1. Using a simple spin-label model with points 7 Å from Cα along the Cα→Cβ vector, what separation in nm is obtained for residue 3 and residue 143?
2. From the Cα gyration tensor of the chain, with a ≥ b ≥ c the square roots of its eigenvalues, which class applies: rounded if a/c is under 1.5, or else prolate if a/b is larger than b/c, or else oblate?
3. Take every Cα pair under 8 Å in the chain that's 6+ residues apart, average their separations, divide by the length, and report that relative contact order as a whole percent.
4. Using 0.36 nm per residue, how much length does the chain from residue 126 to residue 94 gain when fully extended, once their Cα-Cα distance is taken away?
5. To the nearest 0.05, what FRET efficiency results for residue 220 and residue 23 with a Förster distance of 30 Å applied to their C-beta separation?
6. Take residue 204 and residue 150, extend 7 Å from each Cα along the Cα→Cβ direction, and tell me the distance between the two endpoints in nm.
7. Gap in Å between the Cα centre of the stretch 89-108 and the Cα centre of the stretch 11-27?
Ligand code: C5P
C-alpha cells in the first residue's frame, strides 16, 4: 500500500482574478466548504502528507482552516510563489524524505474524485514515472498568431485537455523542478527531461473552477452530492 509513501501537493496560491470575487480563489466557499478544503478532503485518503501552497499573507488563514479539518493526512502550509510552478517548487521543498510518489492537484479542481487520484497512483505503482488524467477535446483547436490569424489546425484526435491530479515519482518531479523552469502544468516540465508521460481518462468532475459559470456548476454539483 503506497498511501504512507504518497504526498499530495496542492498549489492554491492563485489570486482568482478571473473569478473576480476579491479573495483568493481557494478560499471561496461552495455550500459552506472552501475550495481548498474540498480539494484536500478528496485527496486525503490516498496520502500520508498534504503540502498546500497558500497565497503570501494568507498562510495563517489556511493553517487555521486545517487545524479544524481533521483529515487523515497531515497538512503543512507553505508560502506560494509568483507562478504556479514556483508554488509547486516551494511545496516540494517541504516533502518528508519518506515520500516516493507525489500527486499534484490544483485547488481550483476541488471536486476531482478520490478515485481519479487512485487511478493515477495505480499507474505509478505499475512503474510509470509521470501520469496525467485528460479528456478528449470537443472543439477544433487552432494555433493562432499574435495578430489573430490561424497558423495551423492540429489533428483533434491527437489532442487532450489535461487535468489534475497528476502523479509523479519523487525523483522525476524533483528533477523537473530543479531547473526553476515554468509551465502551466507539471507534466510539461517532466516531459522536458524526456520522461514519458502516461495519459489516463480524466473526469468531468475535475473541471477547473475559473469563471462564474464554473462556480455555478460547482454550486449545483455540491447541492446534488
Ligand atoms: O492560474 P491557474 O488557473 O493555472 O492555476 C491553477 C492552480 O495553481 C490553482 O489552484 C492556483 O491556486 C494555483 N497557483 C498557485 N500559485 C500561483 C498561481 C496559481 O499555486 N502563483
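A short reminder: the numbers here are calculations on the coordinates, not readings from a lab. Not measured: the values here are computed from a predicted model. Because the Cβ atoms are built from the backbone with ideal geometry, glycine has one as well, and the counts that use them run over all protein chains shown.
1. Going by the 7 Å Cα→Cβ label model, 4.5 nm.
2. On the way: a/c = 1.44, a/b = 1.13, b/c = 1.27.
Rounded, because the longest to shortest axis ratio a/c is under 1.5.
3. On the way: 460 pairs, mean separation 52.1, N = 225.
Worked out over the chain, it gives 23 percent.
4. On the way: separation 32, 0.36 × 32 = 11.52 nm, distance 2.61 nm.
Extending this stretch completely gives an extra 8.9 nm.
5. Working: r = 21 Å, r/R0 = 0.71.
The formula returns an efficiency of 0.90 here.
6. The two pseudo-label positions are separated by 2.8 nm.
7. Each part reduced to its Cα centre gives a spacing of 21 Å.
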